[in-house]
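Here the structure comes first, spelled out in structure tokens, and everything after it is commentary.
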Amino acid sequence: MLIGIEHGDDAAVVRIDGDRALVSTVDFFAPVVDDPYDFGRIAAANALSDVYAVGGEPIVALNLLGWPRDVLPMELAHEVLRGGQDVARSADCAVAGGHSIDDAEPKYGMAVTGLAGPESLLRLDAGRPGIPLTLTKPLGVGVLNSRHKATGEVFDAAIASMTTLNRDAARAARLAGARCATDVTGFGLLGHLFKLARASGVTAVVAAAAVPYLAGARQAVRDGYVSGGTRRNLAWVNPHLDAGRATEEDLLLLADAQTSGGLLVAGEIPGAPVIGELVPAGAHALIVR
């Protein structure tokens with residue numbers, strides 16, 4: 001076992017031989033958007049992301065579907081599965097069936113198996129002081145999804161972000177020699193960065209003004225579209241956080257619970273913004289400036 005449960009990495013990794021390691025992960029959730037095809041695409045991209053986040057390439061996926069068959073027509077389930085299939089196909093990942101159950105609310109995701117090189121893994125515990133932090137997708141899909149659920153307003157940029165694979169970002173990270181990364185999903189940027197800093201024994205510094213956000217995200221926070229998960233994320237990291245002069249709005253955005261977010265990489269990737277750095281461990285695991 002090269003990567004297990006010790007630090008909460010994004011996927012499990014087991015060595016097969018000297019040149020190959022098996023990557024295994026699973027992820028599923030209830031709809032974050034109304035359109036079933038988009039929901040399928042988002043859930044599939046999110047599941048595949050865990051393989052990319054540890055430096056692997058997905059090979060085969062199995063569908064996981066919960067469906068209220070007496071409430072919603074199976075035609076909608078077909079659209080969910082079609083969305084997942086299309087995203088997996090774009091990742092050159094085969095989909096070989098899966099498993100479905102009758103459920104009170106729809107849920108969808110995938111169990112994904114991939115391959116990685118044992119010497120080129122991206123790990124939570126490989127961060128070192130002096131390395132910059134790069135974020136490959138803007139934040140804000142959590143608050144925009146909350147606004148969508150409440151109002152029906154559709155945010156095309158958020159859907160485009162959530163359905164974009166992290167494949168190219170992961171390959172660029174490996175080419176740049178990065179060895180430490182994670183993807184930004186349910187724990188928000190601060191939560192995932194705290195896990196990275198804790199596992200690596202460093203302090204992570206975030207330059208709040210350098211963090212990119214989707215259009216409308218800041219206004220969604222001001223209008224109160226903040227999920228309970230985001231507030232729990234912030235409460236979880238708060239004892240380990242030096243917030244400096246950051247406002248509550250800044251911190252809620254940094255803790256925003258993402259779906260199919262980008263990669264947070266210890267290292268620089270061409271074209272992606274540097275949002276901070278790792279420094280020697282101090283009194284706090286996280287510092288926002």
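The values are calculated or read from the model by the stated rules, or taken from the named source; none is laboratory data. Every value quoted in this text rests on a predicted model; they were computed, and no experiment measured them. So basically every Cβ, Gly included, is an ideal-geometry build from the backbone, and we count neighbours across all protein chains shown.
Overview of results
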| read-out | value |
| --- | --- |
| Strands (runs of 3 or more DSSP E) fully within segment 32-138 counting 2 or more residues that are in contact (Cβ under 8 Å) with a residue 60 or more places away in the chain and within 30 Å of ILE275 (Cβ to Cβ) | 107-116, 132-135 |
| Number of positions in segment 1-22 that are buried (at least 19 other Cβ atoms within 10 Å of the Cβ), among the small types (Gly, Ala, Ser) and over 16 Å from the mean Cα position of the chain (by Cα) | 1 |
| Leading residue by the ranking (surrounded by the most Cβ atoms within 10 Å (Cβ to Cβ)) among those in segment 66-101 that are more than 21 Å from LEU115 (Cβ to Cβ) and in contact with a Leu (Cβ under 9 Å, 6 or more places away or on another chain) | VAL80 |
| In segment 190-234, the residues that are hydroxyl-bearing (Ser, Thr, Tyr) and either free of Cβ contacts under 8 Å to residues at least 24 places away in the same chain or assigned to a loop (DSSP other than H, G, I, E, B) (or both) | TYR225, SER227 |
| Hits in segment 102-141 (condition: among the hydrophobic types (A, V, I, L, M, F, W, C) and either at pLDDT below 95 or surrounded by fewer than 19 Cβ atoms within 10 Å (Cβ to Cβ) (or both)) | ALA104, ALA111, LEU115, ALA126 |
| Selection status of MET110, aliphatic (A, V, I, L, M) and assigned by TED's automatic domain parsing to the domain that holds PHE39 | yes |
| Among the residues listed as THR230, THR247, the single one being assigned by TED's automatic domain parsing to the domain that holds GLU153 and either closer than 13 Å to LEU278 by Cα or under 18 Å from the mean Cα position of the chain (by Cα) (or both) | THR230 |
| Unmet criterion (only one of (1) touching a strand residue (DSSP E or B) at 6+ places or on another chain (Cβ under 9 Å); (2) of a type outside the set (Asp, Glu); (3) over 26 Å from LEU234 (Cβ atoms)) for THR134 | (3) |
| Verdict on ALA178 being touching a helix residue (DSSP H, G or I) at 6+ places or on another chain (Cβ under 7 Å), surrounded by 20 or more Cβ atoms within 10 Å (Cβ to Cβ) and either at pLDDT below 95 or outside the structural domain of GLN85 (by TED's automatic domain parsing) (or both) | no |
| The lone exception for LEU121 - which of (1) under 25 Å from MET1 (Cα atoms); (2) touching a helix residue (DSSP H, G or I) at 6+ places or on another chain (Cβ under 8 Å) it fails | (2) |
| Pair list, Cβ under 8 Å, 6 or more apart: segment 235-247 residue farther than 13 Å from ALA204 by Cα, other residue of a type in the set (Phe, Trp, Tyr) | TRP236/PHE187; TRP236/PHE194 |
| Positions within segment 235-262 being β-branched (Val, Ile, Thr) and part of a helix (DSSP H, G or I), in sequence order | VAL237 |
| Residue match in segment 182-199 (condition: polar (S, T, N, Q) and out of contact with any strand residue (DSSP E or B) (no Cβ under 9 Å at 6 or more places or on another chain)) | no |
| Meets criteria (buried (at least 17 other Cβ atoms within 10 Å of the Cβ), touching a residue at least 60 places away in the same chain (Cβ under 8 Å), over 18 Å from SER260 (Cβ atoms) and among the β-branched types (Val, Ile, Thr)) for THR25 | no |
| GLY282 part of a loop (DSSP other than H, G, I, E, B), of a type in the set (Gly, Ala, Ser), more than 16 Å from the chain's Cα centre (by Cα) and not assigned by TED's automatic domain parsing to the domain that holds ASP38 | yes |
| Every residue from segment 142-155 that is buried (at least 19 other Cβ atoms within 10 Å of the Cβ) and assigned to a loop (DSSP other than H, G, I, E, B) | PHE155 |
